[in-house]
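Quick note: the coordinates plus some simple rules give every number you see, no bench work behind them. Note that the structure is a prediction, hence the values are computed from the model and not measured. Every residue, glycine as well, gets a Cβ built from its backbone with ideal geometry; the counts of neighbours run over all protein chains shown.
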Amino acid sequence: MSATSESIGRMIRDARIARGWSQQKLADELGSVQSAVHRIENGQQNLSLNMIDRLAEALDMPLIQTATEGSVNFEIQGEARLSGQIDVRTSKNAAMAILCASLLNNGRTVLRGIARIEEVDRISDVLKSIGVRLNWIGDNDLEIVRPARLTPETIDERAAKRTRSILMFLGPLMHEFDEFLLPYAGGCDLGARTVHPHLSALKRLGLDVEATEGNYHATVSTNVEPTRSVTLIERGDTVTENALMAAARTPGVTTLRNASGNYMVQDLCFFLRRLGVEIDGIGTTTLTITGVERIDTDVEYHISEDPIEAMTLLTAGIVTGSEITVRRCPIEFLEVEFAVLDEMGQRLELSPEYRSHNGETRLVDVTVKPSSLTAPLDKVHPMPFPGLNIDNLPFFAVICATATGQSTIYDWVYDNRAIHLKKLADLGANVQLMDAHRLLIIGPTRWRGRNIESPPALRPAVCLLLAALAARGTTNLMDVYVINRGYEDLPQRLNKLGAKINVFWGSPTSGD
Ligand SMILES: CC(=O)N[C@H]1[C@@H](OP(=O)(O)OP(=O)(O)OC[C@H]2O[C@@H](n3ccc(=O)[nH]c3=O)[C@H](O)[C@@H]2O)O[C@H](CO)[C@@H](O)[C@@H]1O
Ligand SMILES: C=C(OP(=O)(O)O)C(=O)O
């Protein structure tokens, strides 16, 4: 059986009307807002697993769960010509860091503009399970109030194991307990990802963590110097964030060297500053943090725009040869990407800069002009900020496949990500995996639609969606949970630009 988002929407509307409920009443029951119910009923919103469960419970309708059993899939009709304007939404990765950082605050935290994505739902499930109260107060605004005592002993292990961000509870929780356990982190299948840099940095900040059977066993030590300098053994994003959260509530001055200056780290720093934590060196590799004993502040913070989503949307325009304007692109985190695109012959028009709602991040509107692309002369490779973003590299595989000539994509970072990009061959690309880290791509590609399983990795999966937009024929991209992990209503938003993507549950209606 397969059900589309429209048919599920109709089922929900009928059930609501049968109960004599208004959209507002259903929204109240769901802990959501009326506009979200309106969109769900019109099939204009992706339904997260969490929302499906809540709808079934509120309407006492297990049928909704039955209808949506199996995977969420996208049917993409290709040869799309896109036009119009689209706004970049806020980032998954900053949301993850700041949601974890809200644990540092005993006051009320309101996060504005937070993306409603599976990853936010997962970490929300985990936060709720340790006693935190979360309340959506607008379509994308979340109120967070933590209890006086958090209860890590009641943690939702299933949700915790689906996200790597659980690692970022270590920094905040060390201020509350002498000893605690956390389940192992999960996330995308990108190959082995290091945890040791986190443990090594936290040790220097007074937290000993031992990996035991299925758990991290954390013990706080008391012998922390009043002034400390910690050099991270990797310039990783979440390790920098973990160390920042450890330093934020450790009185005295901490200097973090080899810190990441990436977008999510900057966003976390701006948030911590609002909480009264002094931080110097934001955006550089040396951060100086003056910690405070206790934070009890009612704070509102607007998360900034996602450079990875910006690159995703720009790639949609590029591979379909369309003219679209992607508004609210955080330019500081896209400079190298744009320089590489420029070398390849891609024309982009940039508006004057303006500020994001956080008052800090610089934004521009970018218009993609249909261009004739040639392969870059050298390999395309990522570097920590301010290099080409590691999560933007996969989009260059699709773009290079569109360009004329031979390109090399070199992903030194992840052992398994390039392997997933090999799947672009199923949609017609001439892609060869030279080794686990290098792809050789010969373009241009005549993309063709297929039935295809999503790889278990967010960016490679969305790359297939983007290629499918350009492909001849229809692509059924099956089991897109990973895409919904990081993107809010991507099909619906691309459809507003002229794409034809249908969300359905179960198995595809037509064969390949
Ligand atoms: C929730 C979140 O914010 N996730 C992001 C974060 O994950 P996160 O910070 O968890 O990234 P990892 O710690 O897994 O680092 C990614 C990989 O890069 C390697 N590495 C990293 C830095 C370095 O200086 N040397 C080095 O070798 C690590 O060993 C690892 O294999 O950063 C990654 C790299 O930007 C992004 O892909 C993720 O989207
Ligand atoms: C790898 C990613 O994220 P995570 O760290 O959440 O797995 C990503 O955003 O592409």
## Note on the structure
For Ser91, other-chain or 5+-apart residues with amide H closer than 5 Å (H placed, Pro excluded) are Ser304, Asp306
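In which sequence would His196, His420, His302, His38 go, from the one with the fewest C-beta neighbours within 10 Å to the one with the most? Numbers along the way, then the final one.
Details: His196 12, His420 25, His302 21, His38 16.
With the fewest neighbours first, His196, His420, His302, His38 line up as His196, His38, His302, His420.
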### Relative contact order of the chain, pairs being alpha-carbon contacts under 8 Å that are 6 or more residues apart, as %
20 percent
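Which order do the peptides 221-227, 479-485, 24-30 come out in when sorted by mean C-beta neighbours inside 10 angstrom, highest first?
Values: 221-227: 9.9, 479-485: 21.4, 24-30: 17.1.
Ranked from most to least packed, the peptides come out as 479-485, 24-30, 221-227.
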### Query
Amide H neighbours of Asn451 under 5 Å, counting only residues 5+ apart in sequence or on other chains, H built in-plane at 1.01 Å?
Asn476
### Task
Within the range 129-184, list the trypsin sites (Lys or Arg not before Pro) lying in a DSSP loop whose Cβ has at most 10 other Cβ atoms in a 10 Å radius.
Arg149
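Calculate, in nm to one decimal, what Arg273 and Ser507 gain on full extension: separation in residues at 0.36 nm each, minus their alpha carbon distance.
Details: separation 234, 0.36 × 234 = 84.24 nm, distance 4.83 nm.
Answer, rounded to one decimal: 79.4 nm.
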#### Entry: the range 247-308, dipole about Cα centre (Lys/Arg Cβ +1, Asp/Glu Cβ -1), debye to the nearest 20
280 debye
## Note on the structure
Which of Lys369/Lys500; Lys92/Lys500; Lys128/Lys496; Lys423/Lys500 exceed 29 Å between C-alpha atoms? The answer is Lys128/Lys496
#### Entry: Charged-residue dipole, Cβ positions (Lys, Arg, Asp, Glu), the range 2-69 about Cα centre, Debye nearest 20
220 debye
### Query
Considering the dipole of the chain built from charges on the beta carbon (Lys and Arg +1, Asp and Glu -1) around the Cα centre, which of Gly107, Gly214, Thr402 is farthest to its positive end?
Thr402
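Classify the range 2-69 as rounded, prolate or oblate, taking a ≥ b ≥ c as the square roots of the eigenvalues of its Cα gyration tensor: rounded when a/c is under 1.5, otherwise prolate if a/b is larger than b/c and oblate if not.
In terms of gyration-tensor shape, rounded.
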### Task
Rank Pro147, Leu173, Thr250 by how far each Cα sits towards the positive end of the charge dipole of the range 92-302 (+1 on Lys, Arg Cβ; -1 on Asp, Glu Cβ) and give me just the farthest.
Thr250
### Summary
Under 5 Å from the placed amide H of Leu150, counting only residues 5+ away or on other chains, we find none
### Query
From the residues Pro226, Ala259, Ala192, which one has its Cα farthest along the dipole of the range 181-313 in the positive direction, the dipole being from +1 and -1 charges on Cβ of Lys/Arg and Asp/Glu about the Cα centre?
Pro226
## Note on the structure
Taking Cα atoms only, Rg over Rh for the chain with Rh from the Kirkwood formula is 0.96
### Query
How are the C-alpha pair distances of the range 92-302 spread across 5 Å bins, as whole percents from the shortest bin up?
1, 8, 17, 22, 23, 17, 10, 2, 0, 0
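How big is the charge dipole of the range 136-218 about its Cα centre, in debye rounded to the nearest 20, if each Lys and Arg gets +1 on its Cβ and each Asp and Glu gets -1 on its Cβ? Mind dumping the intermediate values first?
Working: 9 positive and 13 negative charges, 59 e Å.
Here the size comes out at about 280 debye.
What's the ranking of 451-460, 103-112 by average number of surrounding C-beta atoms within 10 Å, highest first?
Those peptides, ordered most packed to least, come out 451-460, 103-112.
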### Task
Please work out how much length the chain gains when fully extended from Leu49 to Glu453, using 0.36 nm per residue of separation minus the C-alpha to C-alpha distance, in nm with one decimal.
143.6 nm
### Task
May I ask you to evaluate 6.51 cos²θ - 1.76 cosθ + 1.60, the Karplus curve with θ = phi - 60°, for each residue of the range 27-33 and list the ³J(HN,Hα) values in order in whole Hz, giving x for glycine and proline?
4, 4, 4, 8, x, 10, 10
